[in-house]
Structure formats: C-alpha cells, structure tokens
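The values are calculated or read from the model by the stated rules, or taken from the named source; none is laboratory data. It should be emphasised that the depicted structure is a prediction, and the values quoted were computed from it without experimental measurement. No Cβ is skipped: glycine too gets one built from the backbone with ideal geometry, and neighbour counts run over all protein chains shown.
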Amino acid sequence: MADTPDDPSLRKIIHIDMDAFFASVEQRDNPELRGKPVAVGGSSGRGVVAAASYEARKFGVKSAMPSVTAQRRCPDLIFVKPRFDVYRAVSNQIRAIFREYTELVEPLSLDEAYLDVTACRKLPTATAIAEDIRARISEATGLTASAGVSYNKFLAKLASDQNKPDGLCVVTPKQGPAFVARLPVRRFHGVGPKTAEKMQALGIETGADLAAQSLEFLERHFRSSARYYHRAARGIDDRAVKAHRIRKSLGAERTYFEDLHARDEMEAKLAEIADIVWERAGKAGAKGRTVTLKLRYADFETPTRARSLPEPVASRDELLAIGCELLGTLVPDARGVRLLGLTISGFGREEKPAAPREDAQLGLGF
C-alpha cells in the first residue's frame, strides 16, 4: 500500500462531505419530502434534530437542536424517524467508491472522510479525482457530495464546506495561507462558539488576526490548543490520513421523556445502557480500562465522571457496577435526570503510521 510522502506539502488530500446526508436520503426515498423542510429525529418534547435538509436550514434549523425549538423556527417542518441501517448501507456504498481510488481512506463519520490520493494514477489531478468521485456517488446513490482538495487535512476540510451544497473547492499550497487569512476563526475546525467568543474579545476574528499573534500569546490564552491554532492560521497541518483509525471510545446514551428521580430507576436504565455498550464492545473486540458516566440534569447541566482501572473492564457486570458507583457521586439531586450515558475508553496506545514507501509516486497535480 502506498503511503504519504515525507514532505507533507506534496500530499494531495481530498475531504468528501455528503450534503445533509440523513435528510437527503429521506428525501431521495420519499418523493413527497423533496423540496420541503425536513428534520431527521424525534418530534416529541425531548426529541433532538439529528439532521436537517437545506430547506429547513434556511429557517435556522440545525443538528443537535431541540425539536421544539426547530418546530418553533419552522412551523412547517416535517419530522422523519432516523433509519440508521439505511444510512450505514449508503455509507458503505460511498466508501467502496473511495477505495477504488486509494487505500488511504479515513472515515470521520457515516457521511464524511479524508482521502490521500497522492499516489493515485487513475486521473491526472487531485481535482479530477474529486470530480470523478462526486459523479460516481451521484450515479450510485442519487445523492450529492461536496469536496475540498488541498495539501493537508485542515485545509481540505475547510474547502469542502466552502461551496456547499454539491460544490468543489481547491486550495493549492500557494493559495493556502491567503485562504486561511480571510476566513472567520469560527470556521476553523476545533474552534467552538465559546472559543470564538473568547478570540473575538481578544481582537481575533479572522485567520489573519490569529496569524498575527505569537505562540507565547496564544499559549497564555489557549494553553494546550495554542500550537494547533498557531499552525492552522498559517495553513500548516502535518497530520497524515490514517486508513485504520484507532477507536478512542465506545458508548451509548439515552434521553428520557420523563425526568428520572429515583436512584433505583436510574440504575435500571444504566443496566439497559450497559447491555448495549458491552454488546458493541464485544462486536468491536474492544477492551478498555476507563469507564465514563454522562448525566444530564433537567436544567441541561451535563457533568461527567470517570474511573480508570489498571486492567480492562472484565465484564458487563463490572461495567454496570462502576457506572452505578459513578452515578452515586451525582445523585440524588432535586433537579431530576433527563439523560444517562456510559462510555468505555482507554483501549490502548495508537500505533505510529507506517513509514512512507520509497517507491511512492509523487507529482500528482492539483
């Protein structure tokens, strides 16, 4: 398998991102939904939007938004229950297309992935490969995908969002610094609303503003994230596309229509979640040492508690016992509990990427 070259600037990276994936699948499979505002998710008082069509997004409806808020913003919003088995099947179709061009495919979720096409010789340029992949996806699934083409993962991901939906954006090494300079920092992967607000208070609103700051200044205000921001603002990202990503965690959570108040009721719900997590861990062959409990109170405060063991969790019963022990640090509480979750992590150290092959062909143009 060809790997990436020693010089990261020689890489040709494509980021493919499906357009409103879940909602687009529903509109594809049900013609009555086409052209209408659609939200995938639960419509009950405790429901959450998992995905929104572009027609719904015009009203400000977006993923992770409470369903009641989404309905208020868009009274004509149509809710559709998610069909994850269908989404996974379509995702597998798309990934099969990716692997016809390169073995270096790093899925981020069902609807997006990085591809390193540096050594691909099916077409003369990375841009041509991205266009071909988009056409193949459309032909095979009836769905549209947006693509970003660049020399690193950071810029490729930014580029894929630039001309959505059904768009393509190419950022060459010469264009990289200027492309980043004019973007608002809130577009940067890893800069959430709170960080963007903090940056704005410091006079940092664009990539150019961020690039003007010294590493020492950024370390003073952003600590461990400072080096990433310092390099990203200059269009620098040396991360390789990893075809076999090491799973960092595995878990499940449930939101409840009625708030939970009794400890024994919470433990019964945790038992159901532990069953799901342990089954998933078994299928994945994953053995982790850290158990994390997530809990959300009725007022939406969401604390977590974790415990790490010297050896991997041995059984479902041990997983549940640790979960219940962690639960005891957070309840009883008069507010009631609306969500519970359990996660296993600490699966082991991530392997180093393989060294580049000496015969890897370089020179593919953008």
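Miscellaneous remarks
- Checking D76, D111, D29 one by one, the residue that is within 18 Å of the chain's Cα centre (by Cα) and in contact (Cβ under 8 Å) with a residue 40 or more places away in the chain is D111 and no other.
- Within the range 206-235, residues that are touching a residue at least 40 places away in the same chain (Cβ under 8 Å) reach partners that are aromatic (F, W, Y) with beta carbons closer than 8 Å, at six or more positions or on different chains, in the pairs Y229/F188; Y229/F222; A232/F154; A232/F188; G235/F154; G235/F179.
- Condition met for F179 (exposed (fewer than 13 other Cβ atoms within 10 Å of the Cβ) and in contact (Cβ under 8 Å) with a residue 40 or more places away in the chain): no
- Filter pass, S53 being in contact with a Lys or Arg (Cβ under 9 Å, 6 or more places away or on another chain), among the hydroxyl-bearing types (S, T, Y) and not assigned by TED's automatic domain parsing to the domain that holds R338: yes
- Of the residues making up the range 102-125, at least one is in contact with a Gly (Cβ under 7 Å, 6 or more places away or on another chain) and part of a strand (DSSP E or B).
- Residue list for the range 287-329, restricted to those being among the hydrophobic types (A, V, I, L, M, F, W, C) and surrounded by 18 or more Cβ atoms within 10 Å (Cβ to Cβ): V291, L293, L295, V313, L319, L320, I322, L326, L327
- Within the range 14-43, the residues that satisfy the criterion of being over 30 Å from K242 (Cβ atoms), of a type outside the set (A, V, I, L, M, F, W, C) and either touching a strand residue (DSSP E or B) at 6+ places or on another chain (Cβ under 7 Å) or in a loop (DSSP other than H, G, I, E, B) (or both) are E26, Q27, N30, R34, G35, K36, P37, G41, G42, S43.
- Strands (runs of 3 or more DSSP E) contained entirely in the range 221-331, each with at least 1 residues that are at pLDDT below 90 and among the acidic types (D, E): 249-260
Residues are listed down the side, and each one gets a yes or a no for (1) assigned to a loop (DSSP other than H, G, I, E, B); (2) under 30 Å from N30 (Cα atoms):
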| position | (1), (2) |
| --- | --- |
| L143 | yes, yes |
| A156 | no, no |
| Q162 | yes, yes |
| C169 | no, no |
| V180 | no, no |
| H189 | yes, no |
| K194 | no, no |
| K198 | no, no |
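- The criterion of being part of a strand (DSSP E or B), touching a strand residue (DSSP E or B) at 6+ places or on another chain (Cβ under 6 Å) and under 25 Å from H15 (Cα atoms) holds for A50.
- Selection within the range 200-237 - over 25 Å from the mean Cα position of the chain (by Cα), surrounded by fewer than 16 Cβ atoms within 10 Å (Cβ to Cβ) and either hydroxyl-bearing (S, T, Y) or under 19 Å from L158 (Cα atoms) (or both): S214
- Every condition in (1) part of a helix (DSSP H, G or I); (2) polar (S, T, N, Q); (3) in contact (Cβ under 8 Å) with a residue 12 or more places away in the chain holds for S138 except the one numbered (3).
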